[in-house]
Amino acid sequence: MSTDTIQRPIGEIARTMVSGGRGILAADESVSTMNSRLEGAGVPPTVEQRRAYRAMLVTTPGLSAWISGIILSEDIFTASTGDGKPFPVACVEAGMLAGIKVDTGAKALAGAPDETVTEGLDGLRERLESYAAAGASFTKWRAVIKIGDGLPTPRAIAANAQALARYAALVQEAGLVPIVEPEVLMTGEHSLDRCAAVTETTLRSIFDELTAQGVALEGMVLKPNMVVPGDRCATSSSPAEVASATIRTLRRTVPVAVPGIAFLSGGQGVEMATTHLAEMNGLGPHPWELSFSFGRALVDLALKAWRGEPGLAGDGQQALAERARANAQARAA
């Protein structure tokens, strides 16, 4: 891979993804996850409804004012909207970049009970060629790190860091921007400090591997968890404490060459994720753009408002626009 030949275009794409006060919409749920969410909203979990739901999101009027790109699942990336327009084309025509989730999910890690490693490297080079040809500008790969008794193990962190780095190198080889997503789960009883320590260890390992694999840091976007206590922690943390712990962890681990950090919401409440984002931006200036790449924190209210009814698409789009606008405003705090 020649850095000279790919550095400028992927660097420009990466900066576009995180600049201008905008964020990235994660609409890349797997079929099973999407079916579960549809059922929870009283919507039949059919192929047509999954397509109609994503089409409702992508065609939200004015969404590009707050959203720079949309991450799609493969089944939707290769599908078309109701008017027969391929989803990547619909994204671009709406003023947003099209992205695709390329990993095949977290699978059990051999010799490490209760831990996983994300798979999907086999055949990835060939898949990336087809995604690029279809209009993708960026991709996403998610690694899952669990905190628990004796967890995470060094083996799990190393395996996921290596996979993320190999993925990122392949993506840049294809002229696309990799979103590198290491998620330290908030599930558990762990404290804010424990989350900070695990997140720091994880990010150090990942950037060591990215460097070893020759990944151009200027041409990637980091999508990490915020540093928050576990959802069953006996002690809560204020937004100011979360913001301070998160920024301190990132300053210790993330090189300034990375153009932007687009946080995942990780199961936080809709309003809380936005509040934390505003608190962190309020601690600036920072060496990187601090953006957002939320899924549920952006679309939950839209799904509830839409409910699978064509006549309520406008209500769903209004709900999405309101959340996207609120998070864009949180970037300017």
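The values are calculated or read from the model by the stated rules, or taken from the named source; none is laboratory data. Bear in mind the structure is a predicted one, so any value in this text is a computation, not a measurement. Quick reminder, even Gly has a Cβ in these numbers, built from the backbone with ideal geometry, and neighbours come from all protein chains shown.
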Looking only at the stretch 190-230, which residues are more than 17 Å from residue 289 (Cβ to Cβ) and among the charged types (D, E, K, R)? 193, 194, 200, 204, 208, 209
Of residues in the stretch 177-207 being in contact (Cβ under 8 Å) with a residue 24 or more places away in the chain, surrounded by fewer than 24 Cβ atoms within 10 Å (Cβ to Cβ) and among the aliphatic types (A, V, I, L, M), the one farthest from residue 238 (Cα to Cα): 203
Among (1) closer than 30 Å to residue 155 by Cα; (2) without any contact (Cβ under 8 Å) to a residue 40 or more places away in the chain; (3) polar (S, T, N, Q), the one test that residue 81 misses: (1)
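Only one of 236, 244, 265 is at pLDDT 95 or above, surrounded by fewer than 20 Cβ atoms within 10 Å (Cβ to Cβ) and part of a loop (DSSP other than H, G, I, E, B). Can you tell me which?
Working: 244 fails: part of a loop (DSSP other than H, G, I, E, B); 265 fails: surrounded by fewer than 20 Cβ atoms within 10 Å (Cβ to Cβ).
The unique qualifying residue is 236.
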Here's a check for you: in the stretch 23-55, which residue that is more than 20 Å from the chain's Cα centre (by Cα) and hydrophobic (A, V, I, L, M, F, W, C) is nearest to residue 142 (Cα to Cα)? 38
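So which residues in the stretch 123-172 are of a type in the set (Val, Ile, Thr) and either surrounded by fewer than 20 Cβ atoms within 10 Å (Cβ to Cβ) or in contact with a Pro (Cβ under 7 Å, 6 or more places away or on another chain) (or both)? Reasoning before the result, please.
Start the filter on the stretch 123-172 by keeping residues that are of a type in the set (Val, Ile, Thr), which leaves 139, 144-145, 147, 153, 157, 171.
Once the filter is applied, which keeps residues that are of a type in the set (Val, Ile, Thr) and either surrounded by fewer than 20 Cβ atoms within 10 Å (Cβ to Cβ) or in contact with a Pro (Cβ under 7 Å, 6 or more places away or on another chain) (or both), the stretch 123-172 yields 139, 144, 145, 153, 171.
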Restricting attention to the stretch 190-235, the residues that are acidic (Asp, Glu), touching an Asp or Glu at 6+ places or on another chain (Cβ under 9 Å) and closer than 16 Å to residue 253 by Cα number exactly 0
Taking the stretch 50-85 on its own, how many of its residues are in contact with a helix residue (DSSP H, G or I) (Cβ under 8 Å, 6 or more places away or on another chain) and either assigned to a strand (DSSP E or B) or not hydroxyl-bearing (Ser, Thr, Tyr) (or both)? 25
Condition check for residue 213: surrounded by fewer than 20 Cβ atoms within 10 Å (Cβ to Cβ), under 30 Å from residue 135 (Cβ atoms) and not hydrophobic (A, V, I, L, M, F, W, C): yes
Sole exception among (1) among the acidic types (Asp, Glu); (2) touching a strand residue (DSSP E or B) at 6+ places or on another chain (Cβ under 7 Å); (3) more than 30 Å from residue 131 (Cα to Cα) for residue 241, by number: (2)
Pairs, please: C-beta under 9 Å, at least 6 apart or cross-chain, first residue over 22 Å from residue 287 (Cβ atoms) and in the stretch 224-253, second at pLDDT below 95 and among the small types (Gly, Ala, Ser)? 231/267
Under 6 Å by Cβ, and 6 or more places apart or on different chains, what pairs join a residue from the stretch 316-328 that is farther than 11 Å from residue 298 by Cβ with one that is surrounded by fewer than 18 Cβ atoms within 10 Å (Cβ to Cβ) and of a type in the set (Val, Ile, Thr)? none
Every residue in the stretch 53-67 that is buried (at least 19 other Cβ atoms within 10 Å of the Cβ) and in contact (Cβ under 8 Å) with a residue 60 or more places away in the chain, please. 53, 56, 57, 60, 63, 66, 67
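Given 7, 49, which one is surrounded by fewer than 19 Cβ atoms within 10 Å (Cβ to Cβ), touching a Gly at 6+ places or on another chain (Cβ under 7 Å) and at pLDDT 95 or above?
Details: 7 fails: at pLDDT 95 or above.
Step by step, each of 7, 49 is checked, and only 49 is surrounded by fewer than 19 Cβ atoms within 10 Å (Cβ to Cβ), touching a Gly at 6+ places or on another chain (Cβ under 7 Å) and at pLDDT 95 or above.
Sort through 151, 128, 121 and tell me the only one that's within 21 Å of residue 9 (Cα to Cα) and at pLDDT 95 or above.
Values: 151 fails: within 21 Å of residue 9 (Cα to Cα); 121 fails: within 21 Å of residue 9 (Cα to Cα).
Just a single option satisfies the conditions, and that option is 128.
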